């Protein structure tokens, strides 16, 4: 299982500083949506140039113009780009077309999708590299939500998936047991007093 760090910082400089601390322990460097909105494509290019051996994940959360937006991110250096699962199939197909042209991949983020299992299967058939079983902060606060829901949905989907939203040292073993290809840790790493040490602990917990 790969370890992904969600860098939910707001400047390219902060992203480069964080990436420098955690790169030895993670496989995927994710530029969070706020970072991409604040800094634009230059942040993608800067991180990829600084860490060419890492998979750079641009969390665009595209909802429209899939081929155009994904193509821009890939040209800037991204290896993976997100499209929202609530987007229309044509948007996802367009993004996949751009990924194929660049030899890269599309991740479909299922945040806000009610039937995550059903939509995961649909978008995988459209060409998504994997889906992200993701619960945002608002969704996590809803009655009846548990972290295990994400794991159960991932297992039930029978397609390649990652898990984001609640991944930490106490849950990462269960993420791997559920069969996830990628564990996405955000606050558990960037919110730690020593992000490098936190990333190293998470890496060590992966069998």
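Just so you know, all these numbers are worked out from the coordinates, no wet-lab data involved. Bear in mind that the values here come from a model prediction, so they are computed numbers and not experimental data. Don't worry about glycine lacking a Cβ; one is built from the backbone with ideal geometry, like all the others, and counts go over all protein chains shown.
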In a Gaussian network model over the chain where Cα atoms closer than 10 Å are linked, find which of 94, 191, 105 has the largest mean-square fluctuation. 191
Among 38, 73, 98, which one shows the biggest mean-square fluctuation in a GNM of the chain, springs joining Cα atoms closer than 10 Å? 38
If you rank 131, 9 by fewest surrounding Cβ atoms within 10 Å, what's the result? 9, 131
First measure r as the distance between the Cβ atoms of residue 204 and residue 10, then evaluate 1/(1 + (r/R0)^6) with R0 = 35 Å and state the FRET efficiency to the nearest 0.05. 0.75
Simple label model, 7 Å out from Cα along Cβ direction - residue 137 to residue 173, nm: 3.0 nm
Using a Gaussian network model of the chain with C-alpha springs under 10 Å, which one of 87, 183, 70 is most mobile by mean-square fluctuation? 87
